[in-house]
Structures are given as C-alpha cells and as structure tokens.
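Only the coordinates and a few stated rules stand behind these numbers; no lab work does. Remember, it's a predicted structure, so these values are computed and weren't measured experimentally. FYI the Cβ positions are ideal-geometry reconstructions off the backbone, even for glycines, and counts take in every protein chain you see.
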Amino acid sequence: LYTYGMLLLVSIPKLPTGWSLRMLTGWHWLYCLLVVTSYRASMTAILAKPAPKVKIDTLQELVSSQLTCGGWGEMNSEFFKSSDDPLVTTISQNF
C-alpha cells in the first residue's frame, strides 16, 4: 500500500515506524522518482525532435532509396514482378 500511495501521490495515513521499512520505502520512492524522470525526459526528447521523413516523389527515387516495399498477399508482389516497366521490376526486388 505504501508503494501505490507514493506512486499515486496519496498521503499515507500511518507512516512506517520501523527503520528498515522507512529505508525501504525511501529508497523505493527515490527509485520511482528516477524512473519517472528519465521516462519523461526520454519522451520529451523523442517528441521534440521526430525522425526525419523521407520524401519520395518518383519511382526512380524509390528505386534509389534503401526502403523496402510491402503489401498484403501475393497479388501485390506478383504485380511488381510481372510488370513490363524496368523500374517496377526493380522495386519488386525490395518487396
């Protein structure tokens, strides 16, 4: 109950009286603060600088990029493999 009270910021009506329980509770509280602070800092860093977006406008840019293509089922891969366009068949190798 002490742990849930600390994590939910609810005051505990009866504080622990034994030194061992006080030490355990205090160290656990510091550990929880450290975990929450590092998680919050990590989320802030991720949201502040998102991953760069790759802009592809043509099939030639798609072929020259290292992106893998995919889709549901065999119909999509068969479409790329059986195409007459050399760019599209090159895309099928990355499928």
In debye to the nearest 20, the charge dipole size for the chain, taken about the Cα centre with +1 at each Lys and Arg Cβ and -1 at each Asp and Glu Cβ, equals 1020 debye
Linear extension gain, residue 10 paired with residue 78, 0.36 nm per residue minus alpha-carbon span: 18.5 nm
Most exposed to least, judged by fewest other Cβ atoms within 10 Å, 72, 27 sort to 72, 27
Relative contact order, percent, of the chain when contacts are C-alpha pairs under 8 Å separated by at least 6 residues? 18 percent
So for 90, 44, fewest C-beta neighbours within 10 Å to most, what's the order? 44, 90
So for the chain, what percent of the C-alpha to C-alpha distances run longer than 20 Å? 64 percent
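If neighbour count is taken as other Cβ atoms inside 10 Å, put 74, 61 in order from fewest to most.
Least crowded to most crowded, the residues run 74, 61.
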